[in-house]
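K.L.:
Sending over a structure as structure tokens; questions will come in a sec.
Throughout, read-outs are computed from the coordinates displayed, never taken from laboratory work. Here the structure is a predicted model, which is why all the values come from computation and not from measurement. Counting neighbours? That spans all protein chains shown, and the Cβs are built from the backbone with ideal geometry, glycine included.
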Amino acid sequence: MDDTKHPSAAEEIGDMTYDGERAFEVPTARFGMWVFISTEIMLFAGIFAGYLVIRLASPGFSWPAPTVMHVSVGLGVFNTLLLVLSSVTLLNAVKTSRHEQPATAKLWLLATFALGGSFLFIKGYEYTQKYQLGLMPSGSRKQIYDEADYQYLAAVDARLKEIINEMETQKDLGTATDIESLNARLDYLYDLQTFFTGWTVRMVGNMDNWYEELKAIRLLANLIYPVAETSMGIDTFVELEGDVLARSQQVMMSRRFLVENRQKLTAEQITGIEQEMEEARILNPQTSGQDGDEMEQRASWLASKQRQAETLARELDELSHNIDRASGRLRWLLNWTDMEEGLNKQQGLKLPVVIVNGQQWIGTYLLITGIHALHVLGGLLAFMWFLPRKLTVSMGRRLAVAGMYWLFVDFVWLAIFVILYF
């Protein structure tokens, strides 16, 4: 029976002693790693302090909730478990290498690498999800606005026009793979531009009440990306605007009915005058005196009726156009509650969004999680160096030094998880 006392993996990584001797005889490597970790502690301490300053000094003391920024606590918990398990598997890799079980140690190290890689994959999925929702920086364009104001309205209108132009270019050049889907998509965007963005631009331009203007822009912002800040008073605003549109539509339809009747009567009058003038020419080809004066009167009356017909036709076209616009707007208002998730999520438009202090949040989020992800990647690259090698006792000593860094990265993630996900 072997009575030899073996150290635990935690003792090996933590530079503990047993049987009066050092577990590892690489004090220089361990000392260097401790120095490196101390600099990393100062780095992350500065980052966390900066985050707290930005958060506490945010305008309005309103910091976006994780749900507003689509931060999944469930994914965060799962990622935390992955890193915790990776620390356990790494400790087992070090322990089994110390006990001269290189094959088993390599399996534990592979498990550590797989868990760390899964952590980065999920983090990449979270980044992609936020980009699809329009929450990530997109080139030189400002993507997140603190207020639903004129600048935001102009940004949405410009971005939507840009999307439509890109799709129209694909259609003209014939580069689209599915023309039918492209046409359907364009029709949807045309409706959106006509009945929401364009309508809101015209509405705001014709309003004198700044509060009504604000609610009109908030309605557009809430349609794109619904949050509590843009939903205040929206239900009442939609109801009132819907009532106004319905009444206006009825008035215009009644007016169109009258104009159509007048247009029909005028057309009949024009036809009658033309017939009378034609009959007069047949009976008396050469008109003069009183007959000539009557022909001039008929001609003058005919010209007047033709001008009236043209005016009625223009009015009818305008009424029909306004009725169609009102119907389209009313249709969107009646259906906007069906788009509770917002256009950016349902349609993938990546239009600008309104989130109070959202720019500060996404900036600090990308900074903190991005730097940590780079540290995780650095640890995985170190493990890649070990994977093709036989994990003997001496190689296990080096792996233990790398494990000190990995444990530090795990502890940093626990702090990040607490401050960002809650």
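K.L.:
Using only DSSP helix segments of four residues or longer, with each worth -39500 (n - 2.57), what per-residue ellipticity at 222 nm results for the chain after dividing by its residue count and rounding to 500?
P.N.:
When only DSSP H runs of four or more count, the value is -26500 deg cm²/dmol.
K.L.:
For segment 298-371, place one equal point scatterer on every Cα, skip the solvent, and apply the Debye formula. What is log10 of I(q)/I(0) at q = 0.17, 0.26 Å⁻¹?
P.N.:
-0.87, -1.11
K.L.:
Then there's this: Work out the charge dipole of the chain with +1 on the Cβ of Lys and Arg and -1 on the Cβ of Asp and Glu about the Cα centre, then indicate which of 119, 174, 219 is farthest towards its positive end.
P.N.:
The residue sitting farthest along the positive end of the dipole is 119.
K.L.:
So which lysines can residue 345 reach, going by Cα to Cα under 25 Å and dropping same-chain residues fewer than 8 places off?
P.N.:
123, 130, 142, 161, 171, 215
K.L.:
Let me ask something else about it. Going by alpha carbons, how many degrees (0 to 90, nearest 10) lie between the helix axis of 179-192 and the longest principal axis of the chain?
P.N.:
Long axis of 179-192 versus the principal axis of the chain: about 70 degrees.
K.L.:
Using amide H atoms built in the peptide plane, which far-off residues or other-chain residues are under 5 Å from residue 145 H to H?
P.N.:
Distant-sequence amide H within range of residue 145: 353, 354, 355.
K.L.:
Another question, if that's okay. Please give me the summed charge of the neighbours of residue 241: other residues whose Cβ is under 15 Å from its Cβ, Lys and Arg +1, Asp and Glu -1.
P.N.:
+2
K.L.:
Using Cα positions and a limit of under 26 Å, work out the lysines in reach of residue 390, with same-chain residues fewer than 8 apart set aside.
P.N.:
Answer for residue 390, where 26 Å is the Cα cut-off: 5, 95, 106, listed by chain and number.
K.L.:
Step by step: find N for segment 323-422, compute 2.2 N^0.38 Å, then divide the Cα radius of gyration by it. What's the final number? Walk me through the intermediate numbers first.
P.N.:
Numbers: Rg = 24.4 Å, N = 100, 2.2 N^0.38 = 12.7 Å.
Relative to the rule-of-thumb radius for its length, segment 323-422 sits at 1.93.
K.L.:
Residue by residue through segment 341-348, which ³J(HN,Hα) values in whole Hz follow from phi under the Karplus form 6.51 cos²θ - 1.76 cosθ + 1.60 (θ = phi - 60°), with glycine and proline marked x?
P.N.:
For segment 341-348, the Karplus curve yields 7, x, 5, 4, 7, 6, 10, x Hz.
K.L.:
I want the local charge near residue 76. Using Cβ-Cβ distances under 11 Å, sum +1 for each Lys or Arg and -1 for each Asp or Glu among the other residues.
P.N.:
Spelling it out: positives minus negatives among the neighbours equals 0.
K.L.:
Along Cα→Cβ, 7 Å out, is where each label goes; now give me the distance between the ones at residue 194 and residue 248 in nm to one decimal.
P.N.:
1.6
K.L.:
Just to check, using Stokes-Einstein with a Kirkwood Rh over alpha carbon pairs, what's the diffusion coefficient of the chain at 4 °C and 1.567 mPa s in µm²/s?
P.N.:
Value of D from the Cα-based Kirkwood radius: 46 µm²/s.
K.L.:
Run the numbers for residue 275 and residue 179: contour at 0.36 nm per residue of separation, minus the present Cα-Cα distance, in nm.
P.N.:
Here the answer is 29.4 nm.
K.L.:
Using the basic label-point model (7 angstrom from Cα toward the beta carbon), what is the residue 62 to residue 186 distance in nanometres?
P.N.:
4.0
K.L.:
As a test of understanding, state the convex hull volume per residue of segment 47-99 from its alpha carbons, in Å³.
P.N.:
Output value, Cα hull per residue: 91 Å³.
K.L.:
Whole-Hz Karplus ³J(HN,Hα) for segment 369-379, in order, using 6.51 cos²θ - 1.76 cosθ + 1.60 and θ = phi - 60°, x for Gly and Pro?
P.N.:
So the Karplus estimates, Gly and Pro as x, are 5, x, 5, 5, 4, 5, 5, 4, 4, x, x Hz.
K.L.:
Quote the charge dipole size of the chain about the Cα centre in Debye, to the nearest 20; the model charges only the Cβ of Lys and Arg (+1) and of Asp and Glu (-1).
P.N.:
Details: 37 positive and 50 negative charges, 420 e Å.
About 2020 debye.
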